[in-house]
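**Q** Submitted below is the structure of interest, expressed as structure tokens.
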Amino acid sequence: MSKINSNADRFRKQVIAGELEEPVDEARNLAQKLGLEPYPVNYWIIDYDEMNELIAYGGFQSRYPHWRWGMAYDRQQKQGQYTGGKAFEIVNNDNPSHAFLQESNTMADQKAVITHVEAHADFFSNNEWFGLFTSGQADEGAVNAAAMLERHARAIDEYMSDPEIDRAEVEKWIDHCLSLEDNIDQHQVFERRLEIDGPTEQLDEDLAEKLDELGLSEEIKGEVFDEEWLEKLEADDEQVTFPEQPQKDILAFVREYGKQYDEESGRGVEMEPWQRDVLDMMRTEAYYFAAQKMTKIMNEGWAAYWESVMMTDETFAGDDEFLNYADHMAKVLGSGGLNPYSLGMELWEYVENTTNRREVLERLLRVEGISWRNLTEVVDFNDVLEALEPPEAIDTITAETLEALEDVPEAWIDREALERAYEGEIDVDRYPWKVLSETGLARRHYSLVKPQNRGFLARVSQNELERIGRYLFDDARYASIEEALAAVDYTAGWDRMFDVRESHNDVTFLDEFLTEEFITENNYFTYEHSAATGQFHVASDAAEDVKKKLLLQFTNFGKPTIAVYDGNYNNANELLIGHQYNGVMLDLGQARATLERLFELWGRPVNLLTIVKEVNEHDIEVAKRRNREPEAEERGKLIRYDGTETTIEDVPWEEVEHLAADDVDYDTKPDEWLA
């Protein structure tokens, strides 16, 4: 019976795949015509359970054995059963990418998913943050994540199956590593860690003698210091820390200098080869997935934007599919909370609209007799928008109207496709975009004249006009508004979007484009928990507050930024890490639990410096009576775990001052990105 069912399942999936062959091919053709450059995509048809399993595995068919995948699968199953949540697709960052379509999707859903996936594959292929992982590989630029994760799965399964290795110990070790999976330096090119030098006996006699004079332990002598370190120490005549600069890649640090705690001896001993290997694998996977975490808003917004262009503007959804698609899109964009699809799409549209608006205004400000002072008085924006409307010849293209395309600029036409359309080789009624070039499509879908954007041009502030006018290079002048508008570059918005897509991550994206205008027009606000009332309330709708709040949620994946500050704390082989405080305090319960995990990877006591906000009960009572929030006092704390107990003690402010930001610090950009 199972074989019959299996054959039926296979046949059903083959039928669906056959029905999707044309939409897949044409979605790729349309994406490329629009200027996208996606990785090749392999599409797979899967059922409901297979989809949930893939989601649990992070989009891949094979992952290492671990309880986390079962927990994720169970959560996904319950979400579908009890909340009605439906997963339409999943796509992974690989070259070629692999996309999985659920067989129960309607044709409208499948088309929406395919266009969405093509945009994701373009983002994977072109965003430089994804390149930080691949550029550090031997085969630079290549992505073969599925093969890498498959190798990791096999290796860990072999360790778990080894009779000399306790399976439970492997799983516990993975848990320890995963507790630090976000403690990497995601802004640096990924590099695999090399084997470190052996113990002290490998040091030459002169170096060993100098180290003896410092009174250091045998462990630290063999692992940390070398001639270069000693020369710096003697030259500076001051204490040199280890590491010299705070190191954000804690996984790499414990990989090179960590131990495993041996209960019998009560001390740290060398890790087993399998332990260091597993640590390497967990660190590699953390770097691979980092780019996806860093670009969630950009990537999902990018895919939603181009899906909408293809499905709605280019009617890739047929007449009988459009209502189904509109319902699909409304559910995706309308889900509650901080929705990366909605916020991301709104921001990409804002990038396009502001770029196009500036392009039009720069042309108008070059017209004789028009300046930033009088533009809004002498220019009728309704007339401008009417002039910017796409010509009828490209706005409505059918087999009967092809000849009208002969009168539009040659740059808008795909001449070869037009000839094929004349010969009847292209179904232009179904795919009108095929006879246009990317430039022609940009003209056909110019953003400022879309119904939802028609007020955008007129909303320009006088300050913005002055800023544009004062710094406008006088390299072209126009005798009339008509002449100026004839020179408008209709691809400016899309060109700017492609540039931004290459270089930004979510933090830099929000930093640049989350403007006061955007926040005001989209009605964003902040909320927070009140210590006085014990409830959440709206805190502010000021643009500066909203921007800081959002940026903090995406800096370092929205997790606290922790770095190694001393690998020989108190000259006792202890580890000191520091929380780079940005106005948001740690969850001390989670911090204690993480230190217990970190202890297992260091093999010796571990310490954490942080800053907390404290409010005493008297101040809370006074604040309640006065209907205001109590003032919190910031204090330094040192949390220490020695393998047995956790202690928390106050430390002088001078010991934590270096951890405190002058302001809410959300800037995670390397210096060269500031321009």
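Each reported figure results from applying straightforward, stated rules to the coordinates on display, with no laboratory input. On a predicted model such as this, the values are computed, not experimentally measured, just so you know. So basically every Cβ, Gly included, is an ideal-geometry build from the backbone, and we count neighbours across all protein chains shown.
**Q** Could you pull out every residue, at least 5 positions away or on a different chain, whose amide H is within less than 5 Å of the one on residue 90? Hs are placed 1.01 Å off N in the peptide plane, and Pro or chain starts have none.
**A** Close amide H contacts, sequence-distant or interchain: 100.
**Q** Further question: Quickly rank 166-177, 286-297 as a protection proxy: mean count of other C-beta atoms within 10 Å, highest first.
**A** 286-297, 166-177
**Q** Continuing with this model, one more query. Under 5 Å between amide H atoms, partner at least 5 residues away or on a different chain: which partners does residue 45 have, H built in plane at 1.01 Å?
**A** Answer set, sorted by chain and number: 101.
**Q** Extension gain residue 42-residue 277, at 0.36 nm per residue separation less the Cα-Cα distance, in nm?
**A** So the extension gain works out to 81.5 nm.
**Q** A follow-up question, please. If R0 is 41 Å, what FRET efficiency do you get for residue 452 and residue 427 from their C-beta distance, rounded to 0.05?
**A** Step by step, r from the Cβ atoms, then E = 0.85.
**Q** Nearest 0.05, what FRET efficiency do residue 480 and residue 150 give at R0 = 45 Å with Cβ-Cβ as r?
**A** Efficiency, rounded to the nearest 0.05: 0.10.
**Q** Here is a further query. Measuring from label point to label point, each 7 Å out along Cα→Cβ, what is the residue 128 to residue 169 span in nm?
**A** Taking the simple label geometry, residue 128 and residue 169 are separated by 4.6 nm.
**Q** Amide H of residue 454 versus every other amide H placed in the peptide plane: which residues, excluding those fewer than 5 positions away on the same chain, fall under 5 Å?
**A** Long-range HN contacts for residue 454: none found.
**Q** May I ask you to compute the full-extension gain from residue 400 to residue 320, defined as 0.36 nm times their residue separation minus their alpha-carbon distance, rounded to one decimal in nm?
**A** Fully extending the segment from residue 400 to residue 320 adds 26.5 nm.
**Q** Continuing with this model, one more query. So if R0 is 60 Å, what FRET efficiency would residue 407 and residue 161 give, r being the distance between their Cβ atoms, rounded to the nearest 0.05?
**A** With a Förster radius of 60 Å, E is 0.25.
**Q** How do 478, 48 rank when sorted from fewest to most other Cβ atoms within 10 Å of their own Cβ?
**A** 48, 478
**Q** Another question, then. Subtracting the Cα-Cα distance from 0.36 nm times the residue separation, let me have the gained length for residue 543 to residue 470 in nm, one decimal.
**A** Working it through step by step, the gained length comes to 23.7 nm.
**Q** Between residue 516 and residue 373, what is the label-point separation in nm under the 7 Å Cα-to-beta-carbon projection?
**A** Between residue 373 and residue 516, the label points sit 2.4 nm apart.
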